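Here is the structure we will look at.
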Amino acid sequence: MTHASATDLAPPRRPDALLGIALAAVVGVYVRAWAFTPIEARQGAAQKILYIHASAAFIALYLAFVLLAIASALYLWLKDEKLDRVAESAAEVGLVFTTVVLITGPLWGKTIWGAWWTWDARLTSTLFLWFIILSYSMLRGAVEDRARRARYSAVLGILAALLVPFIHLSVYMFRTLHPMPILLKPSTPSMSPEMRTTFLLAFLAFTLLFAAFLRARYRVATLRDLVADLEQEAA
Amino acid sequence: MREGTAPSTMQAALLVAKKDLAIEFRTRTAFLSALVFALLGVTIFYFAWDSTAVAASDLAPGVLWVIFIFAALLGLQRSFGSELADRAIDGLLGAPVSRESIYLGKALANLVFVCGVLAVTLPAVVLFYNLPLDRGVLALSGIALLAAIGLVAVGTLFSAMAVNTRMAELLLPMLSLPFFVPIVMAAAQSSARLMAGRPIAEAWPWLRILVAFDIVFVVACTLAFPFTLDE
C-alpha cells in the first residue's frame with residue numbers, strides 16, 4: 001500500500017496551532033490561579049495545586065483511560081490500525097498526566113497531611129493505574145510484529161479496564177483518607193465561585209493540552225508506521 | 001456428549017490439560033522449582049521481620065499470598081513456554097478443537113499446578129508460623145481455590161502473550177502483577193480474619209470480590225484468548 005506521498009511524510013513545517021493554543025491557555029490559567037484567585041482559608045497557598053492536580057486526574061482517568069479502553073475494544077472488532085494508534089497515543093499521554101497527578105499529589109500531601117505518601121484508596125488506585133499503563137507501554141515496546149502488537153495491546157487495554165473497578169473497590173475497602181470530590185458532588189460545591197471558575201478554566205486548558213498531545217502523538221505513530229511500510233516495500 | 005464427532009469444548013479442554021500435566025509429571029522441573037522457591041520464600045520471610053515485635057501469625061497471611069503469586073508465576077511461564085520448542089503450538093492449533101478449549105485446558109493444568117504448590121505451601125506456613133488452624137482449614141482452602149482460579153485465568157492469557165515478545169519471562173510478571181493486586185488483597189484480608197479466629201462473616205465482603213474477580217476474568221480471558229494467537 002503506497003498511500004504515502006512525499007508531502008505526507010515530510011514533517012509538518014507549520015507550528016502545531018492546537019498545541020500553541022493549549023499551551024497559551026495553560027499559561028493563562030496559571031496566571032489566573034496565581035494572581036487572581038483567592039487563597040483558601042484553611043489550606044493556604046497549597047490548595048492552588050488542585051487546579052493542575054485534579055484536572056490531570058480527571059483527564060487521565062476519565063479521558064485517557066476510557067479512550068484507551070474504547071479504542072482497544074473497537075480495534076478487536078474493526079481491526080482498524082487507526083484505532084490501535086489512538087490507543088497507543090491515549091496510553092502514552094495518559095501516562096504523562098498520571099505521572100503529573102502522582103507528582104503534584106505528594107507535594108500537596110506533605111503540606112496538608114504531613115506526609116509525602118499515604119496508602120489511601122485514591123492514591124493507591126492511581127499508583128496502580130500508573131503501573132498498568134506503564135506495563136501496557138512495555139508490552140507495546142516488546143512486540144515487533146505490528147498486527148500482533150495491536151492485538152496484544154488491545155487485549156491488555158480491555159482487561160485493564162475490567163481490572164480498574166476491582167482495584168478501586170479493594171483499595172477502598174482497605175481504607176481511605178483522601179478528600180472526597182468537592183466539585184462533582186450533587187450539593188453545592190465547597191469552593192468559592194472564583195476558585196470554581198479557575199478550576200473549570202484549568203480543566204478546559206488541560207483538556208485542550210491533552211487533545212493537542214494526543215494529536216501530536218497520533219501523528220508520530222502514523223508517520224512511524226508509514227516509514228515501516230516504505231522500508232518493507234524497499235526491502 | 002456426542003459420540004464419534006469432534007470433542008466438545010470441555011472434553012477438548014480436559015485433553016489439553018491432560019497433555020500439559022503429563023509433560024509436567026514426566027519432567028517435574030517447573031513444579032519442583034516452584035515448590036522449593038515457595039518453601040525457601042516462606043522461611044526467608046520469617047527472618048525479614050523482628051519476630052519479637054510482630055507476631056508470626058500476623059505476618060502469615062501476607063507471606064503466604066505474596067510467596068504464592070511469585071511461585072505461581074514460575075508455573076505460568078512454562079504454560080506456553082513449553083509450546084515454543086519445535087513450534088508445538090502449531091500442532092495444538094491444527095487440532096480440531098476450539099481456541100477457547102485450548103485456553104481452558106491450559107488454565108486447568110495451571111490450576112492443578114498452583115493448587116499443588118499451595119497444598120504444600122499452606123501447611124508449611126501453618127507449621128512455621130504456628131497458626132492455630134483447627135477450624136479454619138476448610139474455609140482457608142476455599143479462599144485458596146478462589147484466589148487460584150482468578151490468578152490462573154489472567155496468568156494463562158498473559159503467558160500466551162508474553163512468550164511471543166522480546167522480553168518473554170520478564171514481561172509476564174509485569175503484565176500479571178497489577179492484576180494480582182485485588183486477588184492478594186482479598187485473599188490476605190479474608191485469610192487474616194480466619195487465622196485470627198474471627199467468624200467467616202467478617203471475611204465475606206472480601207470473598208465476594210474474589211468470586212466476582214473469578215467470574216469476570218474467566219469469561220473475559222476465555223473470550224480474549226483467540227486474539228493472542230497468530231492465524
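Just so it is clear, none of the values below were taken in a lab; they were calculated from the coordinates. Keep in mind that what you see is a predicted model, and the values were worked out from it rather than measured. Positions of Cβ are generated from backbone atoms using ideal geometry, with glycine treated the same way; all protein chains shown enter the neighbour counts.
What is the mean number of Cβ atoms from other protein chains located within 10 Å of the Cβ atom of each residue in peptide B:168-180, rounded to a whole number?
Going residue by residue through B:168-180 and averaging, the value is 4.
Out of every Cα-Cα pair in segment B:119-163, what percent are more than 12 Å apart?
In whole percent, the share of Cα-Cα pairs in segment B:119-163 beyond 12 Å is 69.
Would you calculate the volume per residue, in Å³, of the smallest convex hull containing every Cα atom of chain A?
139 Å³
Using only alpha carbon positions, build the gyration tensor of segment B:96-144, then give the equivalent ellipsoid semi-axes as the square roots of 5 times its eigenvalues, largest first, whole angstrom.
32, 11, 5
Within straight cross-link reach of A:K48, meaning Cα distance under 14 Å, which aspartates and glutamates are found once same-chain residues fewer than 8 apart are removed?
By straight Cα distance, A:K48 reaches A:E40, A:E194.
Two-decimal Rg/Rh of segment B:159-231 from alpha-carbon positions, Kirkwood Rh?
Checking Rg against Rh, the ratio lands at 1.13.
In whole angstrom, how long is each semi-axis of the equivalent ellipsoid of chain B, when you take the square root of 5 times every eigenvalue of its Cα gyration tensor and sort them from largest down?
The three semi-axes for chain B are 33, 19, 15 Å.
Kirkwood Rh over alpha-carbon pairs of segment B:1-99, then Stokes-Einstein at 10 °C and 1.306 mPa s: what D in µm² s⁻¹, rounded to an integer?
Calculated translational D: 96 µm²/s.
Scale the Cα Rg of segment B:21-74 by the rule-of-thumb value 2.2 N^0.38 Å and send over the ratio, two decimals.
Ratio of Rg to 2.2 N^0.38 Å for segment B:21-74: 1.39.
So if the hydrodynamic radius of segment B:79-200 is defined as the Kirkwood radius over C-alpha pairs, what does Stokes-Einstein give as its diffusion coefficient at 4 °C and 1.567 mPa s, in µm² per second?
80 µm²/s
Once you place label points 7 Å from the Cα toward the Cβ at B:L15 and B:A95, how far apart are they in nm?
Inter-label distance under the simple model: 0.6 nm.
Please list the equivalent ellipsoid semi-axes of the protein assembly as shown, computed as the square roots of five times the alpha-carbon gyration tensor eigenvalues, in descending order and whole angstrom.
Working: eigenvalues 345, 233, 59 Å².
Over the Cα atoms of the protein assembly as shown, the ellipsoid semi-axes are 42, 34, 17 Å.
Can you tell which of B:G62, B:N110, B:S141 lies farthest toward the positive end of the dipole of segment B:15-160, using +1 and -1 charges on the Cβ of basic and acidic side chains (Lys, Arg; Asp, Glu)?
B:N110
In whole percent, what relative contact order does segment B:58-195 give with Cα contacts below 8 Å and a gap of six or more residues?
That works out to 41 percent.
Restricting attention to the alpha-carbon atoms of segment A:113-159, what are Rg (one decimal) and Dmax (integer), both in Å?
Values for segment A:113-159 (Cα only, Rg and Dmax): 14.9, 49 Å.
Can you tell me the orientation of helix B:137-162 relative to chain B, as the angle in degrees between its alpha-carbon axis and the longest Cα principal axis, to the nearest 10?
40 degrees
Measure nothing but the geometry: give the 0 to 90° angle between the long axis through the Cα atoms of B:56-81 and the longest principal axis through the Cα atoms of chain B, rounded to 10°.
Value to nearest ten degrees: 10.
Just need the relative contact order of segment B:1-138 here, percent rounded to a whole number, with Cα pairs under 8 Å and 6+ apart.
Computed value for segment B:1-138: 45 percent relative contact order.
Per residue, what volume in Å³ does the Cα convex hull of segment A:71-182 take up? Write out the running numbers ahead of the final one.
Values: hull volume 11.9 nm³, N = 112.
Dividing the Cα hull volume of segment A:71-182 by its residue count gives 106 Å³.
Tell me which of A:L63, A:A45, A:Y136 sits at the most positive position along the dipole axis of chain A, charges placed on C-beta atoms (Lys, Arg +1; Asp, Glu -1).
Most positive-ward Cα: A:A45.
If each Cα of segment B:27-156 is one equal point scatterer, what is log10 of I(q)/I(0) from the Debye formula at q = 0.09, 0.12, 0.20, 0.21 Å⁻¹?
The calculated log intensity ratios at q = 0.09, 0.12, 0.20, 0.21 Å⁻¹ are -0.32, -0.52, -1.12, -1.20.
By counting other Cβ atoms within 10 Å of each Cβ, how are A:D120, A:D84, B:D86, B:D58 ranked from fewest to most?
The most exposed by this proxy come first: B:D86, B:D58, A:D120, A:D84.
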